[in-house]
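Please read the structure below before turning to the comments.
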Amino acid sequence: MNIGIFIYHEAEVLDFSGPFEVFSTASRLCDENAPFKVFLISEHNTVVTARAGYKVLPDYSIEDHPPLDVLIISGGVHASEIKNKVVTDWIEEQSHSVKLIATVCTGIFLLAQAVQSLSCKVTTHWEDIPDLRKMFSRLTVIDGVRWVDEGNIISSGGISAGIDMSLHLVSRLHSEDLAAKTAHQMEFAWTRNA
């Protein structure tokens, strides 16, 4: 299963590295029967400078990545990215072909901008909840939860909540047992809220 994590300049480091760690660890625990291939995607296949100057070279661009089963959109300083029509058009296009889309933190802003028909329960970083409600009144924004599962749309709260959400995704896409083993391997106390 191809898990593509979309990153951009000023993306929050743990928003993409947390889910990357979850899926790569889950696959490593399965030995030769690795269920997930996880990789980073950005608009251009060049170095991305995430928060605090953390530099990352994505595996693919939005033009050359393999077909995705799951798209994870990281959050961060999204103010300019939300206005990037090339990116939002790509996200909208992916929404028609992937099995599910997950967002971490403010990644939900990009998804809501890209998919104008989106109207479901979502969450984001506690600090951004008022802005999300104001900008996208069609969404039902839930606060006080680590993640929200609406079937093919899953959103998480801020930063570290993306790890909880990704473990939930492993439990959905593979098994509860693998998710629990992954959390144990990562020495992470998994919060399993619904």
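Protein-only accessible surface at a 1.4 angstrom probe places the residues Ser27, Ser119 in the order Ser119, Ser27, largest first. Modelled spin-label separation between Ala189 and Glu63, with each label point placed 7 Å from Cα along the Cα-to-Cβ direction: 4.7 nm.
For the pair the stretch 138-181 / the stretch 62-131, the C-alpha centres are spaced 15 Å from each other. About the centre of its Cα atoms, the chain shows a dipole size close to 360 debye [charges on the beta carbon of Lys, Arg (+1) and Asp, Glu (-1) only; nearest 20 debye].
Excluding ligands, DNA and RNA, the accessible surface per residue across the chain is 45 Å² with a 1.4 Å probe. Taking 25 °C and 0.890 mPa s as conditions, the chain diffuses translationally at an estimated 150 µm²/s according to Stokes-Einstein applied to its Kirkwood radius (Cα pairs).
Across all Cα atoms of the stretch 51-104, the radius of gyration (one decimal) and Dmax (whole number) stand at 12.0, 34 Å. For the stretch 17-28, the Karplus equation 6.51 cos²θ - 1.76 cosθ + 1.60, evaluated at θ = phi - 60°, returns couplings of 6, x, x, 4, 4, 4, 5, 6, 5, 4, 5, 4 Hz by residue, with Gly and Pro reported as x. DSSP beta bridges confined to the stretch 78-194 are antiparallel in about 40 percent of cases. Residues in the stretch 73-88 carry Karplus couplings, in order, of 9, 7, x, x, 7, 9, 4, 7, 5, 5, 9, 7, 5, 4, 5, 5 Hz; the curve used is 6.51 cos²θ - 1.76 cosθ + 1.60 with θ = phi - 60°, and Gly or Pro positions show x.
Determine the share of the stretch 1-133's accessible area contributed by carbon and sulfur atoms, expressed in whole percent, with a 1.4 angstrom probe.
Carbon and sulfur atoms account for 51 percent of the accessible area of the stretch 1-133.
Given a 1.4 Å probe and every protein chain left where it sits, what share in percent of the accessible area of the stretch 149-194 is carbon and sulfur?
47 percent
Summarising the amide proton neighbourhood of Lys121: residues at separation of 5 or more, or on other chains, whose placed amide H is nearer than 5 Å comprise Thr140.
The values are calculated or read from the model by the stated rules, or taken from the named source; none is laboratory data. As the structure is a computational prediction, the values presented were derived from the model and not from experiment. Glycine gets a Cβ as well: all are built from the backbone with ideal geometry, and neighbour counts include every protein chain shown. Surface areas here come from the heavy atoms of the whole protein model, side chains and all, with no ligands, DNA or RNA. Shrake-Rupley method; radii C 1.70, N 1.55, O 1.52, S 1.80 Å.
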